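**Student:** Sharing a structure below in structure tokens format, with a few things to ask.
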Amino acid sequence: MIAAKELRQLVKKTPICTVANVLTVVRLLLLAPIFFFIRREGSTAQFVTLILVGIGGLTDVLDGYLARRLDQISELGKILDPLVDKIFVISLFFFLMFMRDFPTWVLIVIIPRDLLILWGGFYLAWKRKTVEQSQLWGKLAAAAQILTAIAYLLRWQAIAPILLGLALFMVAISTWSYGRFFFCRLREVS
């Protein structure tokens, strides 16, 4: 596993406090108010939860875009963004599992997959001495998962299973994409 000292050296290569990194941290900080409002009943609480989840999804889209647009791509951002994406989506699913009958088996599938992807990213960073950016399929899978969370949040029983199927399909494609990427990069190092 990548040593903490080596990880610090990778992160020191680029600036830490960038617009993109701030947006990523904001996404993480949104989890507490989302949990607070998701537990409340009523249309106002549901609306606020929807807005907060929407803001979380928007920060996921904007952080990478702004990092590239403002030329602020950072090693820390390459680590934080996928880590926070996974924490955000899994936390939403946990909240929904307890509050909106979200299927537990989905978390049983997604959590090990996400841990493997994170481990693979850290392992490649250790081997190659650079941090790889998130894959497009991973971003699309995260977006599909957030849409699924919104459908369960709003109790859209007719569309929620369809979006869940789409999200799981995107998760499968992104898992294949990350696996292929990992093994190709690993061969380059060997």
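The values are calculated or read from the model by the stated rules, or taken from the named source; none is laboratory data. Remember, predicted model here, so these are calculated numbers, not experimental data. Cβ sites come from the backbone with ideal geometry, for glycine too, and all protein chains shown count toward neighbours.
**Student:** Restricting to the stretch 154-180, what's the tally of residues that are crowded, with 18+ Cβ neighbours inside 10 Å and either at pLDDT below 90 or touching an Asp or Glu at 6+ places or on another chain (Cβ under 6 Å) (or both)?
**Tutor:** Of the residues in that region, 1 qualify.
**Student:** Looking at the stretch 53-82, which of its residues are over 18 Å from Leu140 (Cβ atoms), assigned to a helix (DSSP H, G or I) and modelled with pLDDT of 85 or more?
**Tutor:** Once the filter is applied, which keeps residues that are over 18 Å from Leu140 (Cβ atoms), assigned to a helix (DSSP H, G or I) and modelled with pLDDT of 85 or more, the stretch 53-82 yields Ile55, Leu66, Arg69, Leu80.
**Student:** Hey, another quick one. In a helix (DSSP H, G or I), over 21 Å from Leu168 (Cα atoms), modelled with pLDDT of 85 or more and not hydroxyl-bearing (Ser, Thr, Tyr) - does that describe any residue in the stretch 125-132?
**Tutor:** No, there is no match, as no residue in the stretch 125-132 is in a helix (DSSP H, G or I), over 21 Å from Leu168 (Cα atoms), modelled with pLDDT of 85 or more and not hydroxyl-bearing (Ser, Thr, Tyr).
**Student:** Please pick out the residue among Phe122, Phe93 that is of a type in the set (Phe, Trp, Tyr) and crowded, with 20+ Cβ neighbours inside 10 Å.
**Tutor:** Phe93
**Student:** Going residue by residue through the stretch 115-127, is there one that turns out to be farther than 24 Å from Ala67 by Cα and either out of contact with any helix residue (DSSP H, G or I) (no Cβ under 9 Å at 6 or more places or on another chain) or basic (Lys, Arg) (or both)?
**Tutor:** Scanning the stretch 115-127, I find at least one residue that is farther than 24 Å from Ala67 by Cα and either out of contact with any helix residue (DSSP H, G or I) (no Cβ under 9 Å at 6 or more places or on another chain) or basic (Lys, Arg) (or both), so the answer is yes.
**Student:** Filter the stretch 27-49 down to the residues that are farther than 20 Å from Val84 by Cβ and either of a type outside the set (D, E, K, R) or out of contact with any Phe, Trp or Tyr (no Cβ under 9 Å at 6 or more places or on another chain) (or both) and list them by number.
**Tutor:** Answer for the stretch 27-49, where residues must be farther than 20 Å from Val84 by Cβ and either of a type outside the set (D, E, K, R) or out of contact with any Phe, Trp or Tyr (no Cβ under 9 Å at 6 or more places or on another chain) (or both): Arg40, Glu41, Gly42, Ser43, Thr44, Ala45, Gln46, Phe47, Val48.
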